Amino acid sequence: MQHRTLKSAAWAVSAICVLPMIAAVIAAANGTLETWGSLFATVLPGFIWNTVLLVVFVGIGTAIIGTATAWLTVAYKFPFRRVLEILLALPLAFPAFVLAYAYTDLLDHPGFVQTALRDFMGWGPRDYYFPEIRSLGGAATMLIFVLYPYVYLLARTAFAKQSATAYFAARALGSSSVSAFLRISIPIARPAIAGGVLLALMETIADFGTVAHFGVQTFATGIYAAWFGLGDRAAAAQLALCLLTVALLFAGLERIQRGAAKRHSAGAKLERHQREILHGAKAWGATVVCLVPVLVGFIIPLIVLGNMALTGDHSPFSKRYMNFMENSGILAGTAAVVTVIGATIIGFCARIAPSLASRFATIIAGIGYAVPGGVIAVGLLVPFAHLDNIIDAWAREHLGFSTGLFFTGSITLLIVAYMVRYMAAALNAFDSGISGIKVNIDAAARVLGRTPKKMLWQIHLPLLRPSLLTALLIVFVDVMKELPATLIMRPFNFDTLAVQAYRLASDERLEAAAVPSLMIVFFGLLPVILLCTTINRSR
C-alpha cells in the first residue's frame, strides 16, 4: 500500500513538471495558421538567425576557454595555479544580465573606457571606432564569460580522471605536448566537453536579461514581447513551442553525451598525470590565459558594480530593498523546500521500487532544466488563466462575488514554475547522495521490519542531509537569479531583486541597478564557494 502511495506521489510530481511543456504545445496548436504566417513573415527569421549565431558563438567560446583552462590546471605547474583553478569557477556567481549591466557602464559611449580614450587622444565623439557593446557580439561575450565554467568543471574532472598512459606514450613517440593533447586527451574527454557546452547552450537559449538589455531579438525576448507588448497569447505560445523544441534537442544531446562520458571512463587503468613544470614565458603565459577569464568574468564586473553602487543613491538597507529581498527570499525559500521535497519523493520511489516506469518518471521530471523560464511561464499561464476565468464566472453567477485571479494572481503558480525549472538540480543532488548509500542497508532495514516511510525518515534522510542541504542551496540561489519566468508570472506589486535590477537597467539607470545586481551576486557566491571548497578537497 505504501509503495502504491509513493508511486502515485512520484508520478503526480512528474506530471506537474511536464505539464507546462504539454500546455505550451496545446496552446501553440490552438493558434491559427494566420498567426504562424505572420510570425514567419515578420520576426521569426530574425529570431532564428540571432539564436543560431548566439549558439554558435557561445558554443565555440565556452569550449575553447573551458577546455584550455581545464587542461592547463590539470597538466602543468605554473605561478598561482592552485589559486586560479578555484577562481576559474567564480563567474558562475554572476547572472549574465548582471555582467551585461557592468560592461555597458564600462564600455558604452559615455562609459569610463571611451571617455578616458577621448580625453587622452583628444578625439571627438565621431573621430574613432569602438566596438558596440550593445550588440549580438556583446551579448555572446557576456554569455561566454559567465557560462565557460560549465565546460571548465566537466573538462577538468574528465582530464583529471584520464589515465596518463596514452598521453605519455604519444609523448615518448615524439609528439609535442600540444599534439598529444589534441590527438589523445581531447578525444577521450570529448563527451564531458560536449556535455558542458550543451549545458551552456541550454542556458544561452533560455537567457532573457542579457539579450533584452543589448537589444538582440531572440525567442526569449519575442515571447515576452508577444505576451506583454502585443497581448497575443497564440503568438507567445507558438514562439514558446519553437524554443521548447530546440531546448529538448539540446537536453537529449546532453543526456547522450553524459552516457558516453561514463562509457569512456569505464575500465581505464588510472595512472595520474604528473604535472609538467613550465618555466619563463610559458609559465607566465599559462597564468595569463587562466587569469583573463577570471578578470573578465568576475573581478572587473565586481569592481565596476561596486563603484556604481557607491556613487548611486540607492541603499541596499532601505525599506524598499528590504522588501525586494524579502520577496526574493520568500520565493526562493519556498521554491527550494517544495522542489527538494518533490525530488526526494521521486528519487526515493526510484530507489525502493526500481522499474522502467520510475526511471521514466525521473527523466521527465528533470526535463524542465532544459526548458527556458519563458516557455514554462507561458505553459502554466495559458491553462490556469483560463481556469481562473471559469472559477470567477461560476462564483459570480452562483455565489455573487468574484474570486479574482485565484491561481495566476498569487505566487503559487510561480513556485510551481520554479519547481519545474530546477527539479533536475535537486534530483542530481539527491542521486549523488543516495548513490553512496549501499542497497544492503535498505535490505537490512526491511529485514528489521522498517516500512518505506520509516526507512526514509530514520535511515535515508539523516544520511542524505548534506546532499539535501546542497540541493536546497542550489535551488535557492538559482531562484534568486531567475528573471524571465518571474518577470512574466509575478503577482502585481511583488517585485524581486532580479526584476528590480532589470527594470532599472531598462530605464538606463545602471548605477541604481548595481545595488540589486550586487545583492544577487552575493547570493550567487554561496554555491560557488561550496563548489570551490569541493575542488580544493579533490586535490
Label-point gap, in nm, between I186 and H386 - each point 7 angstrom along Cα→Cβ: 5.1 nm
Stokes-Einstein diffusion coefficient of the range 349-489, Kirkwood radius over Cα pairs, 10 °C, 1.306 mPa s, in µm²/s: 89 µm²/s
With every protein chain in place, the chain: carbon and sulfur % of accessible area (1.4 Å): 67 percent
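Compute the FRET efficiency between I48 and H279 as 1/(1 + (r/R0)^6), taking r as their Cβ-Cβ distance and R0 = 51 Å, and round to the nearest 0.05. List each step's numbers first, then the result.
Details: r = 50 Å, r/R0 = 0.97.
Once rounded, the FRET efficiency stands at 0.55.
How about the range 488-517: which chymotrypsin sites (Phe, Trp or Tyr not before Pro) there are in a DSSP loop, with at most 11 other Cβ atoms within 10 Å of their Cβ? Intermediate values should be presented prior to the final figure.
Working: sites: F492, F494, Y502; in loops: F492, F494.
Listed in order of number, the matching sites are F492.
Relative to the Cα centre, what is the charge dipole magnitude of the chain, using +1 at the beta carbon of each Lys and Arg, -1 at the beta carbon of each Asp and Glu, and rounding to the nearest 20 debye?
Details: 40 positive and 26 negative charges, 572 e Å.
For this selection, approximately 2740 debye.
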With all protein chains modelled, accessible area of V382 [1.4 Å, Å²]: 40 Å²
Cα coordinate range in the range 76-196, projected on the principal axes (Å, largest first): 60, 31, 28
Charge context of L448, other residues only, Cβ under 15 angstrom, K/R +1, D/E -1: +3
Dipole of the range 77-149, positive end: most advanced residue of Y103, G124, P91 [Cβ charges, Cα centre]: P91
Difference of contour (0.36 nm per residue) and Cα-Cα distance, N323 to A9: 109.5 nm
Whole-angstrom gap from the range 420-491 to the range 320-394, using each part's C-alpha centre: 14 Å
Virtual spin-label span in nm between L473 and D313, 7 Å along Cα→Cβ: 4.0 nm
Residues I299 and S176, FRET efficiency given R0 of 41 Å [Cβ-Cβ distance, rounded to 0.05]: 0.80
Additional length obtainable on full extension of the chain from N30 to K77, 0.36 nm per residue less Cα span: 10.9 nm
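How much length is gained on full extension from A443 to L356, taking 0.36 nm per residue of separation minus their Cα-Cα distance?
Working: separation 87, 0.36 × 87 = 31.32 nm, distance 2.08 nm.
Length gained, A443 through L356: 29.2 nm.
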Under 29 Å between alpha carbons - lysine pairs in the chain that sit 8 or more apart or on different chains: 17
Cα-based equivalent ellipsoid of the chain: semi-axis lengths in Å, sorted from largest, via gyration tensor: 37, 35, 22
Environment charge at V58 (Cβ cut-off 14 Å; Lys +1, Arg +1, Asp -1, Glu -1): -2
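Please state the shape class of the range 286-426: rounded when a/c is under 1.5, otherwise prolate if a/b exceeds b/c and oblate if not, all from the C-alpha gyration tensor. Numbers along the way, then the final one.
Values: a/c = 2.72, a/b = 1.29, b/c = 2.11.
Here the range 286-426 falls in the oblate category.
The values are calculated or read from the model by the stated rules, or taken from the named source; none is laboratory data. Just so you know, these numbers come straight off a predicted model, no measurement behind them. Quick reminder, even Gly has a Cβ in these numbers, built from the backbone with ideal geometry, and neighbours come from all protein chains shown. Accessible surface areas use protein heavy atoms only, side chains included; no ligands, DNA or RNA. Shrake-Rupley method; radii C 1.70, N 1.55, O 1.52, S 1.80 Å.
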